Amino acid sequence: MIIDCHGHYTTAPEKHNKWREDQLAAYKLGEPSPAYPVITDAEISESVEKNQLSLIIERGLDLTIFSPRASAMGHHEGDQRISLEWTIACNNLIKRVVDLFPDTFVGVAQLPQSPGSDLTESIKELERCVNELGFVGCNLNPDPSGGNWDTVPLTDSYWFPIYKKMVELDVPAMIHVSASCNQNFHATGAHYMNADTTAFMQLLQGDLFKDFPNLRFIIPHGGGAVPYHWGRYRGLADMLKQPSLGTHLMNNVFFDTCVYHQPGINLLLEVIENKNILFGSEMIGAVRGIDPTTGAYFDDTKRYVDAANISELERQSIFETNTRKVFPRLNELLKAKGL
């Protein structure tokens, strides 16, 4: 079985996107948010069948862990009320996709984070999504300010309430920022990579997993700069008098394969232990074009894993086994289906 741990609903019906524009416009005018539009099952089906589903079939994938569009989470826009309204609408739409295509998609939650707010609403929404909607994880934004980084590190006690809830529910979080409102940082080319690398370094500097030994994070996009500079981070751990990365972080931190060329995947697989790598494509996401040097889509990451010089057992661990371990609720869903 091939499980994609990193999929986003980037092709949501235009009515949904337009409502977000209208919601933010109303907020700026001090008016109530407009009513959410009626979106039919047919509109949702069309938005998926012509996009994600067709590529999933073409590329030979089986299941995608699906969440709202990351760049549209927009935690820096509006306030806590606006973020909560938008988050509920986005998560409900994911639930409808899952209900329409239950053999192909499983849900992961957006959280209603908002700069300056506590995590009370995020905890409530996580509980709703897991207990009522059947989601198996969440996306956690380490920088709700959208590129200004005016929040505290992931190791700060501010985050502990959501971590406690994640452990209680036995769900992981993908560390994933949203859009950048800082002109210095292109969203997908800089802000995403910065955040992945920053999150890892924050975790390296702290001792979070001593307090939360069962907490699990996926750092996407191949771990940002981390695998490429693995020696730097091993050296920094030594300089900071931290344990080795294998025991300090790598029982709790995992990287996906959203790396869009063969040499990058080869490096990831060579440097990072197999148990810490989950198959992911981010499809349809940051890079949608065809690589002129290969004639294949950049984000067809299965091709790279297939071509890597690893054993079939290692390949199967990346495609399925590791993800089932990191997402226990997904594993239970699959076992219930006899898979």
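The values are calculated or read from the model by the stated rules, or taken from the named source; none is laboratory data. Please read all numbers here as calculations on a predicted model, not as lab measurements. Cβ sites come from the backbone with ideal geometry, for glycine too, and all protein chains shown count toward neighbours.
Can residue 98 be described as assigned to a helix (DSSP H, G or I), among the β-branched types (Val, Ile, Thr), under 22 Å from residue 324 (Cα atoms) and more than 15 Å from the chain's Cα centre (by Cα)? Answer is yes for this residue. Among the residues of the range 260-289, how many are assigned to a loop (DSSP other than H, G, I, E, B) and either basic (Lys, Arg) or closer than 12 Å to residue 7 by Cβ (or both)? Number of matching residues: 8.
Taken together, 190, 225 contain a single residue that is assigned to a loop (DSSP other than H, G, I, E, B), closer than 26 Å to residue 262 by Cβ and out of contact with any strand residue (DSSP E or B) (no Cβ under 9 Å at 6 or more places or on another chain), which is 225.
All but one of (1) in contact with a helix residue (DSSP H, G or I) (Cβ under 6 Å, 6 or more places away or on another chain); (2) on the phi < 0 side of the Ramachandran plot hold for residue 228, so report the exception by its number. That leaves (1) as the condition not met. What tally of residues in the range 17-52 results from selecting those that are touching a helix residue (DSSP H, G or I) at 6+ places or on another chain (Cβ under 7 Å) and without any contact (Cβ under 8 Å) to a residue 40 or more places away in the chain? Going through the range 17-52 one residue at a time, the tally reaches 3. Considering 322, 309, the condition of being part of a loop (DSSP other than H, G, I, E, B) and not β-branched (Val, Ile, Thr) is satisfied by 309 alone. Do we find that residue 290 is surrounded by fewer than 22 Cβ atoms within 10 Å (Cβ to Cβ), farther than 16 Å from residue 175 by Cα, in contact with a strand residue (DSSP E or B) (Cβ under 6 Å, 6 or more places away or on another chain) and among the aliphatic types (A, V, I, L, M) in this structure? Considered against the rule, which asks whether it is surrounded by fewer than 22 Cβ atoms within 10 Å (Cβ to Cβ), farther than 16 Å from residue 175 by Cα, in contact with a strand residue (DSSP E or B) (Cβ under 6 Å, 6 or more places away or on another chain) and among the aliphatic types (A, V, I, L, M), residue 290 comes out as yes. Pairs meeting the criteria (first residue in the range 63-82 and closer than 11 Å to residue 7 by Cβ, second residue hydroxyl-bearing (Ser, Thr, Tyr) and surrounded by fewer than 23 Cβ atoms within 10 Å (Cβ to Cβ), beta carbons under 6 Å, at least 6 apart or on different chains) are 69/10. Taking the range 53-76 as the range and being more than 16 Å from the chain's Cα centre (by Cα) and either surrounded by fewer than 22 Cβ atoms within 10 Å (Cβ to Cβ) or more than 21 Å from residue 147 (Cα to Cα) (or both) as the test, the residues that pass are 53, 54, 55, 56, 57, 58, 59, 60, 61, 62.
All of 241, 302 fail the test of being outside any helix (DSSP H, G or I) and of a type in the set (Lys, Arg), apart from 241. Under the condition of being surrounded by fewer than 18 Cβ atoms within 10 Å (Cβ to Cβ), part of a loop (DSSP other than H, G, I, E, B) and touching a Gly at 6+ places or on another chain (Cβ under 9 Å), the residues counted in the range 325-339 number 0. All of 47, 71 fail the test of being assigned to a helix (DSSP H, G or I), modelled with pLDDT under 95 and over 21 Å from residue 127 (Cα atoms), apart from 71.
Residue check: is residue 153 of a type outside the set (Gly, Ala, Ser) and out of contact with any strand residue (DSSP E or B) (no Cβ under 8 Å at 6 or more places or on another chain)? It is true that residue 153 is of a type outside the set (Gly, Ala, Ser) and out of contact with any strand residue (DSSP E or B) (no Cβ under 8 Å at 6 or more places or on another chain). Residues in the range 133-165 that are outside any loop (DSSP other than H, G, I, E, B) and more than 17 Å from the chain's Cα centre (by Cα): 157, 158, 159, 160, 161, 164, 165.
Within the set 108, 171, 152, 167, the sole residue that is more than 24 Å from residue 45 (Cβ to Cβ), in contact with a Cys (Cβ under 8 Å, 6 or more places away or on another chain) and either surrounded by fewer than 20 Cβ atoms within 10 Å (Cβ to Cβ) or of a type in the set (Val, Ile, Thr) (or both) turns out to be 171.
In the range 12-35, the qualifying residues are those that are assigned to a loop (DSSP other than H, G, I, E, B) and crowded, with 17+ Cβ neighbours inside 10 Å, and the one that is farthest from the chain's Cα centre (by Cα) is 33. Can you tell me which residue in the range 174-187 is surrounded by the most Cβ atoms within 10 Å (Cβ to Cβ), limited to those that are of a type in the set (A, V, I, L, M) and part of a loop (DSSP other than H, G, I, E, B)? In this case the residue turns out to be 177. Entry remark, the range 210-247: residues being of a type outside the set (S, T, N, Q), more than 15 Å from residue 197 (Cα to Cα) and more than 22 Å from the chain's Cα centre (by Cα) number 9 in total. Residues being crowded, with 17+ Cβ neighbours inside 10 Å, at pLDDT 95 or above, of a type outside the set (Gly, Ala, Ser) and under 20 Å from residue 249 (Cα atoms) are represented in the range 115-138 by at least one member.
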